[in-house]
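Values in this text are rule-based calculations from the coordinates and carry no lab data. Owing to the predicted nature of the structure, the values given are computational and were not obtained by experimental measurement. Here the Cβ positions follow ideal geometry from the backbone for every residue, glycine too, while neighbour counts run over all protein chains shown.
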Amino acid sequence: MAQKSKKLIVGNWKMNGTQEFARDLAADLAEKWYVTPSDHQIVICPPFPYLSITLNRLFGTEIACGAQDCSIQEKGAYTGEVSAFMLKDIGCNFVIVGHSERRQYHHVTSELVRQKAEIAFKADLIPIICIGETLSDREGQRTLEILEEQLKESMPLSDQDFTIAYEPVWAIGTGKTATSKEVLEVHAFIRSWLQKNRKKAADTPILYGGSVNEQNAKEILSLENVDGVLVGGASLKAESFWQIIQSA
Ligand code: PEP
């Protein structure tokens, strides 16, 4: 299968920064976009309170914004939740669902991830659905089995546009990256699962995430079936993030 020339580069700021930090980082990214624009699709996912500031600063560029999670509910008495429709309302186009930190610390199950993806569709957002094995899964040779289970349970049933992010849990924020061989194996497995189970298999971007930085991005992005990257730590510095984009 031909490699897609346009990659999807997503920055996940997680729970970092202040209002000033978000404003400055978004302004720096906007400036970089004007000086060295990119054909790749770039998405920034700041914390909820800083979405509007980021959207304002990115206005006029083709850098999109996404949230880091959304509720499975549309609206109502769900204190503390944020609706996918609210995210759309303020200008988001993407939402990350099922990040391993949500699965791990907030009991987000694969079934909930699927429901979040479905409501994202209803709100006209593109869900970025995260899956990934833990270190003990990998050491116990259960990586593909676990991923298949997560794919079966977390993928939406409707044939709308979504993105998958393969993020080995042991590689997130640890400085350890999966080897090219490991990434190739898993991404080929995900592609073939999509081919067997979904109509838009070829068009569904599969991202890799886990300690991607300006040094390793070029190699990862050149691998077959890697349609982009989900970047945590290295997306907090405009310079590093832009270098990753430029290596695509
Ligand atoms: C992430 O937040 O999804 C991530 C991959 O983080 P990091 O790049 O810091 O490992």
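Looking at the chain, what % of the alpha carbon pairs are farther apart than 21 Å?
Details: 16649 of 30628 pairs.
Tail fraction, whole percent: 54.
So if R0 is 35 Å, what FRET efficiency would GLU111 and GLN141 give, r being the distance between their Cβ atoms, rounded to the nearest 0.05? Intermediate values should be presented prior to the final figure.
Values: r = 26 Å, r/R0 = 0.73.
With R0 = 35 Å, the Cβ-Cβ based efficiency is 0.85.
Using the Cα centre of segment 125-206 as the reference point, and only Cβ charges (+1 on K/R, -1 on D/E), how large is the resulting charge dipole? Debye, rounded to the nearest 20. Provide the component values of the computation, followed by the final result.
Details: 10 positive and 13 negative charges, 45 e Å.
The dipole magnitude comes to about 220 debye.
Which of the residue pairs LYS88/LYS199; LYS6/LYS75; LYS14/LYS218 have a Cα-Cα distance greater than 32 Å in the structure shown?
Correct reply: LYS6/LYS75.
Suppose a student asked you for the relative contact order of segment 1-99, using Cα pairs under 8 Å spaced at least 6 residues apart; what percent would you report?
On the way: 138 pairs, mean separation 25.8, N = 99.
For segment 1-99, the relative contact order is 26 percent.
Under a point-charge model restricted to the Cβ atoms of Lys and Arg (+1) and Asp and Glu (-1), what is the dipole moment magnitude of segment 144-248 relative to its Cα centre, in debye to the nearest 20? Let's see the in-between values first.
Values: 10 positive and 15 negative charges, 19 e Å.
I would put it at about 80 debye.
If I take every Cα pair under 8 Å that is 6 or more residues apart in segment 199-242, average their sequence separation and divide by the length, what percent do I get for the relative contact order? Kindly include the intermediate steps, with their values, before the conclusion.
Details: 46 pairs, mean separation 18.8, N = 44.
Reported as a whole number, the value is 43 percent.
Say we join alpha carbon atoms closer than 10 Å with springs in a Gaussian network model of the chain; which of GLY209, GLY60, GLY11 then has the biggest fluctuation?
Ranking GLY209, GLY60, GLY11 by mean-square fluctuation puts GLY60 first.
Of ILE146, TYR78, VAL108, which is farthest along the charge dipole of segment 51-164 in the positive direction, counting Lys and Arg as +1 and Asp and Glu as -1 at C-beta?
The one lying farthest along the dipole's positive direction is TYR78.
Evaluate E = 1/(1 + (r/R0)^6) for SER222 and SER52, where r is the Cβ-Cβ distance and R0 equals 30 Å; express this FRET efficiency to the nearest 0.05. Write down the numbers at each step before the final one.
Details: r = 36 Å, r/R0 = 1.20.
Plugging the Cβ-Cβ distance into 1/(1 + (r/R0)^6) gives 0.25.
As I understand it, the dipole of segment 83-212 uses +1 on the Cβ of Lys and Arg and -1 on the Cβ of Asp and Glu, about the Cα centre. Which of GLY175, ILE128, VAL212 lies farthest toward its positive end?
Projecting each Cα onto the dipole axis, the largest value belongs to ILE128.
Give the separation of the Cα centroids, segment 218-235 to segment 16-71, in Å.
19 Å
How much net charge surrounds TRP242 when only other residues with a Cβ under 13 Å from its Cβ are counted (Lys, Arg +1; Asp, Glu -1)? Provide the component values of the computation, followed by the final result.
On the way: positive: LYS32, LYS237; negative: ASP28, GLU31, GLU214, GLU239.
Taking every other residue near TRP242 into account, the sum is -2.
How would segment 113-201 be classified by its alpha-carbon gyration tensor: rounded, prolate or oblate, with rounded meaning a/c under 1.5 and the a/b versus b/c comparison settling the rest? Can you show the working numbers first?
Values: a/c = 2.09, a/b = 1.67, b/c = 1.25.
The shape class here is prolate.
How high is the relative contact order of the chain? Use alpha-carbon pairs under 8 Å, at least six apart in sequence, and give a whole percent. Walk me through the numbers on the way to the answer.
Numbers: 462 pairs, mean separation 49.2, N = 248.
Result for the chain is 20 percent.
Quick one: net charge around ARG138, please, counting Lys, Arg +1 and Asp, Glu -1 for every other residue with C-beta under 14 Å from its C-beta. Can you show the working numbers first?
Values: positive: ARG142, LYS176, LYS181; negative: GLU133, ASP137, GLU139, GLU145, GLU167, GLU182, GLU185.
Within the 14 Å Cβ shell, the charges total -4.
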